[in-house]
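Reviewing the structure listed below.
The values are calculated or read from the model by the stated rules, or taken from the named source; none is laboratory data. Nothing here was measured: the structure is a model prediction, and the numbers come from that model. We place every Cβ from the backbone using ideal geometry, glycine too, and count neighbours over all the protein chains shown.
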């Protein structure tokens, strides 16, 4: 609650939260709200500029692309791939990674330090490179991208949670709980977990922006979501040939991507600041 | 320090070894025949294939296969490309230098611009220039690198026509690609137009380097600002100020060296982010480096190339990280003490 009050007092954080909420709402309501289907072609209206241009039409608010598809509908439907799937991936990776990381944090000795070194190797390889290798094994498709990114993000969660648990476990309050005879499960869930929420929240926002950027980058490279699916990265890759004639094809999906990542980063930043403030005050 | 160095080097060797196991297991994970994936020799060449099968120990256990593979990797035999039939290791050297040229230049730009901007923001804390620097850095930190590259191309190459769009140099100059680094190539070539060729190459470098530098630059600004602010609150700064030292002297001699400590540690992390972005940037700007080679390898299912690029890029990142940590421990002995106390 205190965190929310701190968070609320920051106007940037609040507007970022509204922005993110708006994008999420658009994503959920896209089938109802969007004027056309994402792949519906209007062959008589090709490469129409956005409505604020002199040649634009209000009916096609963001204009149309080189195949006559409505850009507004494509961007709205695209949010499902560019934001919806990353959220699912992060939830999945977060639950598995946190569970494994908490388990690893409670163990000590050779087994734990071996795991730590293994994770160091895995984490030293950038997430996109690792995802690219997994795609090379599985082949490019939406399902494989989801699998690859989940596999890439799980070690990051394990590492962050393991280190956080490891830092807490020697502190006095945990030792006190142990001396009281609490079970390991109780110590983990009731004693340690509330104290590492900062780490988990930070890791989640970080993983979300990584997942969004990586899924878009893979789409951009033609190795992720395959056209004609209106994924933002894939749309950007298509726009590369058209940039001379119709720059809005490139600017609009990119702007959507930027706003999403930006609002997540601002939320993450302010959330950390708010939690730190609460810790300092208490 | 010797103990610490040995420890880090030992750890580096173990990590590289684990990496080689990962690369080895990829041969079995990739679709197709493991031996073909490893050496680039297809089953359609039965004579050579059978020879290799024996030479690589494929009629023996998997442990023997691995030791055989490992000795080949160490001796520089990384197989041949499935597409061009050229040895991967030889091609890799040229591509590697091209990538290194791009990423080192970007890192240099990021460091030279990011640190002063961070210090400036810290000194002028909560004033207008601080807010502008921090706002711009936070927003450019969120720009996807491929979109930034497209925007730069649209603005500087298409609309303003200041800079060329892709490639390393205008092919008219006819520079032989020997080292991979375009600047070095021109320097060692015997062309009559050295200066204009250098200028042309520099123009080709501006856009990719700028795109690559933005991300580490913004991170360095943020870290430098936080670190400088923290140092400026320390007692020894207050004491120096009380002794009447001038503000620039205080900043330059007392604050900055200490503020650099967390910044240096960040350089390793920034480098691995930079390498990720290099892969994408090279693909967009048609830069003949490891990144675009990897992407091409994935399109063409050229498994020896994918494996080689993975080994090189991951090895490079690991090496840079260890070097940064060693420098950090050597430059800031107080960190070393903490490290010892922990273990």
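Descriptive notes on the structure:
- Meets criteria (under 30 Å from residue B:18 (Cα atoms) and within 24 Å of the chain's Cα centre (by Cα)) for residue A:7: no
- When residue B:334 is tested against the conditions (1) away from every other protein chain (no Cβ under 12 Å); (2) touching a residue at least 12 places away in the same chain (Cβ under 8 Å), the lone failure is (2).
- The residues in the range A:132-148 that are touching a helix residue (DSSP H, G or I) at 6+ places or on another chain (Cβ under 7 Å) and more than 10 Å from every other protein chain (Cβ to nearest Cβ) can be counted, and the count is 5.
- Residue among A:56, A:63 that alone is in contact with a helix residue (DSSP H, G or I) (Cβ under 6 Å, 6 or more places away or on another chain) and over 30 Å from residue A:206 (Cβ atoms): A:63
- Answer from B:202, B:213 - the residue that is under 20 Å from the mean Cα position of the chain (by Cα) and surrounded by fewer than 16 Cβ atoms within 10 Å (Cβ to Cβ): B:202
- A count restricted to the range B:158-182 and to residues that are assigned to a helix (DSSP H, G or I) and closer than 16 Å to residue B:285 by Cβ stands at 3.
- Of residues in the range B:293-302 being surrounded by 19 or more Cβ atoms within 10 Å (Cβ to Cβ) and farther than 17 Å from residue A:131 by Cβ, the one farthest from the other protein chains (Cβ to nearest Cβ): B:293
- Qualifying helices (runs of 4 or more DSSP H) (wholly inside the range A:169-282; at least 2 residues being buried (at least 21 other Cβ atoms within 10 Å of the Cβ) and touching a residue at least 60 places away in the same chain (Cβ under 8 Å)): A:197-220, A:232-239, A:248-281
- Subset of the range B:119-138 [surrounded by fewer than 16 Cβ atoms within 10 Å (Cβ to Cβ) and either part of a helix (DSSP H, G or I) or at pLDDT 80 or above (or both)]: B:124, B:128, B:129, B:131, B:132, B:135, B:136
- Test result for residue A:229, away from every other protein chain (no Cβ under 11 Å) and either closer than 30 Å to residue B:297 by Cβ or under 13 Å from the mean Cα position of the chain (by Cα) (or both): yes
- Taken together, B:32, B:57 contain a single residue that is within 14 Å of chain A (Cβ to nearest Cβ) and either in a loop (DSSP other than H, G, I, E, B) or surrounded by 19 or more Cβ atoms within 10 Å (Cβ to Cβ) (or both), which is B:32.
- Condition broken by residue A:38, with the remaining ones in (1) at pLDDT 75 or above; (2) more than 15 Å from the chain's Cα centre (by Cα); (3) within 19 Å of residue A:248 (Cα to Cα) satisfied: (1)
- Comparison of B:108, B:102, B:52, B:64 shows that the only residue that is more than 26 Å from residue B:31 (Cα to Cα) and surrounded by 13 or more Cβ atoms within 10 Å (Cβ to Cβ) is B:102.
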